[in-house]
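**Q** There's a structure below that I have some questions on.
FYI, it's all coordinate maths here, none of it is from the lab. Values in this document were obtained by computation on a predicted structure and should not be read as measured data. Methodologically, a virtual Cβ is constructed for each residue, glycine included, from the backbone with ideal geometry; neighbour enumeration extends over all protein chains shown.
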Amino acid sequence: MKGFRYLKEVSTLQLDQAACVGCGRCLEVCPHQVFSLAEKKASIRDRDACMECGACALNCPVRAITVDAGVGCATGLINEWLQERKLRAPGGNCCS
Amino acid sequence: MSYMVPPGLYAIGTPAADDPVLVTANYKMSYDIIRQSLTGRNVWLLVLETYGINVWCAAGKGTFGTGELVRRIESSRLAEVISHRRLLLPILGAPGVSAHEVSRRSGFSVSYATIRAADLPEYLDNGKVTTPAMRELTFTFYERLVLIPVELVQALKPVALIGGVLLMLVALLGDTASGVAAFCAFFGAVLAGIVLGPLLLPWLPGPSFALKGAAIGLFWFGFFYLLAGGDSWSRPVTLAIFLAIPAVSAFFTLNFTGCSTYTSRSGVKKEMRIALPVMGGVLLICAVLLLAQRLL
Ligand code: SF4
Ligand code: SF4
């Protein structure tokens, strides 16, 4: 995104090019122009721009994309860690 | 004031059976913006139940999602009202909606139109083709500003609690004036982290939100030092405040990653793994400094 870059080399985005059928859906849904498409195959053009929203993975018809999408704020993650350790009841999220 | 619009099918202008169908959340503001930007046109608007939450956040939670969309198509009898089978969705709704699932379950095809409602007229005039600019996300000063009130409200309870405890502790250990001063320092650090951090985001140093927050915290420390007559503080007290304020601001700016639209969950995790122990350590050092000052 213009004027904004987050940490490098952290995104969990993975693309299985062999499975890709070149439908272009991932390019359509990604708000950060992470993918490019050439000769009926998608490729990851800019992984560091990925915000792990999960839109591409959810909309890929052949499940060629995986990404660890989910809550992305400090309190949300703390709640999640507490829940994993069974210290807190489920609930609580970012951006109400 | 209500932030919700009842879900269902709405008409903007006098749409016919072959006019486009837009899908949105029942967040009042999204709904109003769409209505405004499309006045003078004839389109259908299918409003999903997202409990008054905007498209982006609702998609993340899954309420703006495949299931709700399919249910709403059925309950609004959309198939009987319109003749085509194409739905136009906001791009930021895509994290909750699986286009191929929707078409498998409802027979409607999904196109992701634009990110901003303001681009919809151009999109429709453009023969329903999304230009690169329409799918490029922005995070302008104003876009950040409107997110801040909710953040403030959410922080209110824990902040009041911690602030109150702090006030009492310091007042008990020292005197009431110091207690009030400590509360002000803390409250200012929270405000700096929640309000100034996000507003000044692009101008604060580094990609890390925790560092950005710490930077704005330092700024508040300088201000507070001048305001509260810092030259009369003892060294340990000055050091403790100098350390504690940036730590508090850093936490709240880091929390803003939940609202930002370019930070990744893995990135925030990485920041937290470093930042939380550092913040904890800093607060511990502060406590030791203040106690030592008191007891020695
Ligand atoms: S959505 Fe999946 S199949 Fe379609 S281009 Fe992207 S990776 Fe390939
Ligand atoms: S997870 Fe979101 S930001 Fe990342 S590549 Fe997929 S659509 Fe783009």
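**Q** For Cα pairs less than 8 Å apart in space and 6+ apart in sequence, what is the mean separation divided by the residue count of segment B:141-295, i.e. the relative contact order in percent?
**A** Normalised by residue count, the contact order of segment B:141-295 is 24 percent.
**Q** Order these peptides, A:58-67, B:146-155, B:244-253, B:116-125, by their mean beta-carbon neighbour count within 10 angstrom, highest first.
**A** Result, highest mean first: B:244-253, A:58-67, B:116-125, B:146-155.
**Q** Something else: If I model a spin label at B:Ala133 and A:Lys2 as a point 7 Å from the Cα along the Cα→Cβ vector, what separation in nanometres do I get?
**A** That separation, rounded to one decimal, is 0.9 nm.
**Q** Calculate, for A:Lys41 and B:Ser109, the FRET efficiency according to 1/(1 + (r/R0)^6) with r their C-beta to C-beta distance and R0 35 Å; round to the nearest 0.05.
**A** 0.90
**Q** Counting other Cβ atoms within 10 Å, which trypsin sites (Lys or Arg not before Pro) in segment B:123-205 have at most 13 and lie in a DSSP loop?
**A** Sparse-neighbourhood loop trypsin sites (Lys or Arg not before Pro): B:Lys128.
**Q** Here is a further query. May I ask you to work out the translational diffusion coefficient for segment A:14-84 at 20 °C, viscosity 1.002 mPa s, via Stokes-Einstein with Rh from the Kirkwood sum over Cα pairs, reported in whole µm²/s?
**A** My calculation gives 165 µm²/s for D.
**Q** Enter the angle in degrees (range 0 to 90, nearest 10) between the Cα long axis of helix B:176-191 and the first principal axis of the Cα atoms of chain B, meaning the one along which they spread out most.
**A** Helix B:176-191 sits roughly 30 degrees off the main axis of chain B.
**Q** Another one. For chain A, what is the relative contact order in percent, using Cα pairs closer than 8 Å and at least 6 residues apart in sequence?
**A** 26
**Q** Under a 10 Å cutoff between Cα atoms, tell me which one of B:Leu137, B:Leu199, B:Leu239 has the largest fluctuation in the Gaussian network model of chain B.
**A** Fluctuation is largest for B:Leu239.
**Q** Looking at chain B, what % of its DSSP beta bridges pair antiparallel, to the nearest 5?
**A** 35
**Q** Another question, then. Which entries in the list B:Lys157/B:Lys269; A:Lys40/B:Lys128; A:Lys2/A:Lys40; A:Lys2/B:Lys28; B:Lys61/B:Lys269; A:Lys8/B:Lys128 go over 26 Å, if you measure between the two C-alpha atoms of each?
**A** A:Lys2/A:Lys40; A:Lys2/B:Lys28; A:Lys8/B:Lys128
**Q** What's the magnitude of the charge dipole for segment A:29-68 around its Cα centre, counting Lys and Arg as +1 and Asp and Glu as -1 at the beta-carbon? Answer in Debye, nearest 20.
**A** 220
**Q** Cα extents of chain B along the three principal axes, largest first, in whole Å?
**A** Here the Cα extents, ordered largest to smallest, are 83, 34, 34 Å.
**Q** Of A:Pro31, A:Met51, A:Gly76, which is farthest along the charge dipole of segment A:14-84 in the positive direction, counting Lys and Arg as +1 and Asp and Glu as -1 at C-beta?
**A** Checked the options; the winner is A:Pro31.
**Q** Using only the alpha-carbon atoms, how far is helix B:265-295 inclined from the longest principal axis of chain B? Give it as 0 to 90 degrees, nearest 10.
**A** 20
**Q** Relative contact order for chain B: what percent, with Cα pairs under 8 Å and sequence separation of 6 or more?
**A** Dividing the mean separation by the residue count of chain B yields 12 percent.
**Q** Can I ask one more? From other protein chains only, count the Cβ atoms within 10 Å of every residue's Cβ in A:44-55, then give the mean.
**A** Mean shielding count: 5.
**Q** While we're on this one: Picking from B:Gly65, B:Thr39, B:Thr114, whose Cα lies most toward the positive end of the charge dipole for segment B:8-135 (charges on Cβ: Lys, Arg +1; Asp, Glu -1)?
**A** B:Gly65
**Q** Stretch B:Arg77-B:Thr238 to full length: gain in nm at 0.36 nm per residue minus the Cα-Cα span?
**A** 51.3 nm
**Q** Rg and Dmax of the protein assembly as shown over Cα atoms: what are they, in angstrom?
**A** 24.1, 83
**Q** While we're looking at this one, here's another question. Tell me, Kirkwood radius of segment B:141-295 from alpha-carbon pair distances, in Å?
**A** Hydrodynamic radius (Kirkwood, Cα only) of segment B:141-295 equals 15.9 Å.
**Q** Length gain on complete extension for the stretch B:Leu291 to B:Arg35, per 0.36 nm per residue less the alpha carbon to alpha carbon distance?
**A** 86.2 nm
**Q** Suppose we keep just the DSSP beta bridges with both residues in segment B:8-135; what percent of those would be antiparallel, to 5?
**A** DSSP beta bridges in segment B:8-135 are roughly 30 percent antiparallel.
**Q** Could I ask something else about it? Between exposed GluC sites (Glu not before Pro) in chain A, where DSSP calls loop and at most 13 other Cβ atoms lie within 10 Å, what's the longest gap?
**A** My reading of the result: A:40-96 is the longest stretch.
**Q** Pick from B:Gly40, B:Gly188, B:Gly93 the residue whose mean-square fluctuation is largest in a GNM of chain B, springs joining Cα atoms under 10 Å.
**A** B:Gly40
**Q** Mind putting a number on the dipole of segment B:141-295 about its Cα centre? Charges go on the C-beta only, +1 for Lys and Arg and -1 for Asp and Glu, and I need it in Debye to the nearest 20.
**A** Here the size comes out at about 420 debye.
**Q** In nm, what is the difference between 0.36 nm times the number of residues separating B:Trp203 and B:Met168 and their Cα-Cα distance?
**A** 9.0 nm
**Q** Considering only C-alpha atoms, what is the centroid distance from segment B:36-112 to segment B:235-296, in Å?
**A** 42
**Q** Still on this structure, I have one more. Suppose every Lys and Arg Cβ carries +1 and every Asp and Glu Cβ carries -1, with no other charges. What dipole size does chain A come out with about its Cα centre, to the nearest 20 debye?
**A** 60
**Q** What residues have an amide H closer than 5 Å to that of A:Ala42, excluding those fewer than 5 places away on the same chain, when H is modeled at 1.01 Å from N in the peptide plane?
**A** A:Gly22
**Q** Quick one: the Cα spread of segment B:8-135 along its three principal axes, in angstroms, biggest first?
**A** 31, 30, 26
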